[in-house]
Structure formats: structure tokens, C-alpha cells
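What follows is a single structure, written as C-alpha cells, with notes after it.
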Amino acid sequence: MFAFSLAITNPMTGLHKEFEKEAIPHTDILYNYALRMTGNADDAHDLLQETFLKAYRFWDKYEKGTNVRAWLFRIMKNTYINVYRKAVKEPDTVDYNDIQNFYNIIREDSADANDLQEKLFGHLLDDDVTKALESLPEEFRTVVILCDIEGLTYEEIAEFVECPVGTVRSRLHRGRKLLYAKLYEYAKNRGFVGKD
Amino acid sequence: MDCKEFQESISEAVDNRLESDSKQHFSSHAKACPACRNEYEREQITKSVLSKRVQHQTVPQEVRSALLNALHDIRPASRSWFAGMFGEAFLNPAVALVAFLMFASGAVSLLQKNNAIPVSSDKNIIAQSLQYYSAAMTGALKPTMVSHDAGDVREYLSKKTSFDVSVASLDDCDWCGGIFSDIDGVRLVHVVYKIGGEGILYVYQVDMDEALRGTKVALPENAKSVLAKTGWYFEQTPDRCNVVLWKHKNTLCAAVSKMDKEKMVALLSNKDPQ
């Protein structure tokens with residue numbers, strides 16, 4: 001177990017310093033993405049660590065001057081897909097008529113948007129919202145997380161997931177629509193605020 | 001704008017990205033078509049619920065530290081700070097021998113697994129700090145928090161101690177790390193600095209009252225009196241480990257290193273924030 005032959009050099013090599021300087025500042029957004037994708041802190045921790053170790057190993061492949069945050073993000077997303085992805089079913093068919101009808105009834109006697117929102121989803125727990133988000137298929141969940149929780153622009157999201165801005169736009173629309181249906185389902189189970 | 005175009009613009013309208021022209025077309029369609037308007041409102045509500053209920057989290061300190069540790073462990077030059085310590089320790093047979101004997105005789109016993117802190121059987125603070133120094137060299141004492149910024153380590157350590165923790169921003173310091181341990185309920189703080197070209201500087205810290213009047217840890221009488229008179233106490237072991245004791249606010253600090261004594265004192269006296 002004793003390593004006699006190890007060279008004694010300054011452990012902080014230039015490479016290492018550079019990597020830490022460039023990559024570590026992005027820990028925050030990556031951790032949050034990991035948290036929302038895996039759904040629990042332990043897996044998020046593992047995914048974060050694996051991502052950075054991988055990134056460090058492939059640091060020579062990173063093209064200087066390009067978006068390091070997007071590069072790290074892609075490593076994380078691929079790692080997640082290879083290791084952590086659980087089979088998320090496409091959401092069951094949703095009865096949009098049911099949702100539409102209820103929405104119209106509530107809307108009739110709601111003074112403003114906040115009131116409407118409170119009546120619809122006021123009884124939801126934070127856990128319900130997290131669970132609804134986690135139920136979205138991966139490609140929709142990713143854009144919704146990056147836009148609505150992390151506050152990235154469409155252009156940056158497009159760079160992260162390597163697709164055109166138009167695709168970001170349509171995935172956001174579809175993702176939020178699915179999310180609304182899921183929230184509606186949970187709200188119905190909890191009993192709406194507005195229901196008499 | 002027809003319903004199909006409207007649908008395609010909803011997300012951008014929700015995110016406030018429409019240009020003024022499209023914005024106008026969008027709102028006139030919304031006024032004319034209740035079904036489309038409702039869908040727009042629902043998407044707005046969804047975004048709002050999401051951003052209110054799902055909060056952006058700050059990375060927990062232990063996750064951040066573990067990440068930095070993991071990165072240090074794969075350092076190419078000396079692989080891990082663990083392995084690095086071994087390599088360095090073995091350059092000096094005396095240190096290796098002392099570390100090995102302590103290890104073998106059980107003076108430093110390992111508590112196993114996660115951040116096992118060696119527990120000293122000797123109450124003498126100077127003996128203890130030498131033991132912990134050896135443990136730091138062999139990897140048995142491994143910091144739970146490592147950073148290039150002394151301030152980070154100080155903040156981390158200060159949260160769990162009642163006395164003032166001294167973590168100095170030393171020149172040529174590659175990184176510093178910290179860890180706590182308890183000895184019969186007495187809190188100890190261990191700070192390890194990696195100084196470029198000089199190796200390891202270890203600093204043991206304990207509440208001054210415990211050091212002077214406590215029963216769990218103790219200072220030799222001569223050290224007490226010299227410390228009281230001059231504010232410093234110095235001792236060199238037969239294998240040329242230097243031990244420097246000083247008082248930092250309400251804290252007793254004991255630094256151990258193979259560095260030159262003068263250099264150690266200069267480093268510590270200048271940079272210890274008051």
C-alpha cells in the first residue's frame with residue numbers, strides 16, 4: 001500500500017488550476033439540474049461528481065473559448081441518460097376537455113390571474129409540483145427546468161441541448177402543457193380551492 | 001395571426017420574447033379567440049407556479065467539498081493528496097518510521113471509514129499535534145473541506161466551533177483544508193496547508209480555556225509559562241519537526257511542519273488575521 005515511487009511535484013498543476021477556475025463556478029446550475037433530473041439529493045450528488053470527474057478527464061477535448069457551461073451540461077446530460085434514466089412513460093392520455101371545462105368555470109368568477117392561479121393550484125404542495133415536473137419526459141423536462149427554474153435564455157438552452165431555437169420554443173410549449181395537465185390532476189385529488 | 005400561429009407563439013409570449021409587431025397580432029387574436037386565450041393563460045400560470053414552488057438550490061457545502069476532494073484525488077502529478085503524503089513522508093525515513101510506529105502501536109487509532117479521525121491517547125497538546133501531523137501525512141486525517149481560499153475554510157470551520165478559528169491566507173499556499181474532531185467532548189480543529197515547495201503545514205486548534213485549565217487536553221508547564229510571557233512557544237523534535245504554539249484570540253494554535261522554523265513563524269505571524 002505504500003507508494004515509494006511517487007514523484008513529488010506541486011500537486012496543483014496548471015491544468016488542474018485551469019480546470020477548477022473554469023468549471024467549478026458552474027457547480028450551482030449543474031447541481032440544480034441534477035437534482036431535478038434524478039429527483040433526490042444523493043443521486044444528484046453522485047451525478048454532479050461523476051460529471052466533473054469525466055469533464056476533468058476530457059478537459060483536453062474542451063475547445064477553449066466556447067461555452068464551458070454548455071459543455072459541462074452536455075456531459076451531465078449524457079451521463080444521466082446512460083446511468084440514471086428511469087423509464088419515464090409518456091404521460092397517459094389527458095382529457096383536455098375536462099381540463100378546459102373546469103378552467104372555464106373557475107375563470108368566470110376570478111378577478112385576476114393571481115386569483116385564478118390560487119383557485120386552481122392553491123392547494124398543491126411543493127412536492128406535488130416537483131413530482132409533476134419529474135413526470136415529464138426527459139426532453140421536455142430539460143427545457144422547462146433550464147427556462148423556468150434556472151432562467152436561461154432560449155438561445156443558451158438551444159446551445160445546451162444542441163437544437164434550434166424553434167425546437168426549444170415548441171418543447172417548452174409542449175412541456176408546460178403536459179405539466180399543466182399533471183398539476184390539474186394533482187389539484188383535483190387535493191380538492192380545488194375554487195370548488196364549492 | 002391564426003390559431004396555429006398563435007399556438008406556436010405561446011411560449012415566447014409567456015417568456016416575453018415577442019417583438020412588438022407579433023405582440024400586437026398575438027393580443028388581437030387572444031381577444032378574438034377565447035380557446036387560444038385560455039391556453040395562453042394556462043401556460044402563464046404553469047410557469048408562474050413552477051418558478052414559485054420549485055426553488056433554485058444552493059449547492060450544500062458538503063457536496064462542494066466532496067467534489068473538490070474528488071478532484072484532488074485524481075490529480076495527475078501526485079494522484080491524491082493521500083498518495084502525495086505517502087510519497088512525501090517516505091522521502092524522510094524518520095517521519096515514515098514515526099508515523100508507522102504510531103500507527104502500529106495504536107497511539108493513533110483509526111475510527112474507520114468516513115473521515116475517520118485519529119484519536120490521540122496523550123493529553124499533551126504538543127504530542128497530540130505531532131500525532132495529528134503524522135496522521136495528516138499518512139492520509140489518516142483527511143480534510144472534509146478543501147479550498148484555495150482560506151476564507152472558505154475559515155467559514156466552514158467557524159460554523160461548528162465556539163472559539164475563533166485561525167485560517168490564514170499564506171503565500172505560496174496551493175490549497176488549505178480543514179476538519180473537526182472531538183476528544184472526550186472537546187472540539188478540535190485541524191487545518192492543513194499545502195505550501196508549494198515546502199510541503200505540509202499542519203495547525204491544531206483548541207479553545208484556550210480547555211488548553212490552560214481543561215482536563216481533557218493539557219500543555220506542559222514550561223510551554224504555558226513561555227507562552228504567557230512571549231505569546232509564542234517553540235519546540236523541535238529529534239526528527240526535526242518544528243512545533244510552534246501561539247495564541248489567536250481565544251484559541252490555542254499549534255503548528256507542526258518540517259519547514260524552517262523562522263519561515264514558519266514569519267508565515268504565521270504576518271498572515272494570521274486578527
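Here are some notes:
- Whichever residue in the stretch A:153-196 is closer than 16 Å to residue A:138 by Cβ and in contact (Cβ under 8 Å) with a residue 60 or more places away in the chain and, among such residues, is surrounded by the most Cβ atoms within 10 Å (Cβ to Cβ): A:160
- Contact map, the stretch A:96-109: first residue touching a residue at least 40 places away in the same chain (Cβ under 8 Å), second residue basic (Lys, Arg), Cβ cut-off under 8 Å, separation 6 or more or different chains; pairs are A:106/A:119.
- Of the helices (runs of 4 or more DSSP H) entirely within the stretch A:115-192, those holding at least 1 residues that are out of contact with any Pro (no Cβ under 9 Å at 6 or more places or on another chain), within 9 Å of chain B (Cβ to nearest Cβ) and closer than 18 Å to residue A:80 by Cα occupy A:126-134, A:138-144.
- Residue within the stretch B:32-49 that is on the phi < 0 side of the Ramachandran plot, at pLDDT below 90 and hydroxyl-bearing (Ser, Thr, Tyr) present: no
- Residue list for the stretch A:35-45, restricted to those being more than 10 Å from every other protein chain (Cβ to nearest Cβ), assigned to a helix (DSSP H, G or I) and either under 10 Å from the mean Cα position of the chain (by Cα) or on the phi > 0 side of the Ramachandran plot (or both): A:37, A:38
- On the stretch given as the stretch A:55-68, residues that are within 11 Å of another protein chain (Cβ to nearest Cβ) and either of a type in the set (Val, Ile, Thr) or under 20 Å from the mean Cα position of the chain (by Cα) (or both) total 1.
- Test: residue in the stretch A:98-111 that is at pLDDT below 95, under 16 Å from the mean Cα position of the chain (by Cα) and part of a loop (DSSP other than H, G, I, E, B): no
- Pairs meeting the criteria (first residue in the stretch B:218-240 and among the β-branched types (Val, Ile, Thr), second residue surrounded by 11 or more Cβ atoms within 10 Å (Cβ to Cβ), beta carbons under 6 Å, at least 6 apart or on different chains) are B:226/B:233.
- Reported count of residues in the stretch B:146-163, each being surrounded by 19 or more Cβ atoms within 10 Å (Cβ to Cβ) and not in a strand (DSSP E or B), is 7.
- Extreme residue, farthest from residue A:132 (Cα to Cα), among residues of the stretch B:2-28 that are over 50 Å from the mean Cα position of the chain (by Cα) and crowded, with 19+ Cβ neighbours inside 10 Å: B:26
The values are calculated or read from the model by the stated rules, or taken from the named source; none is laboratory data. All of these numbers come straight from a predicted model, not from anything done at the bench. Cβ: placed from backbone, ideal geometry, glycine included. Neighbour counts: every protein chain shown.
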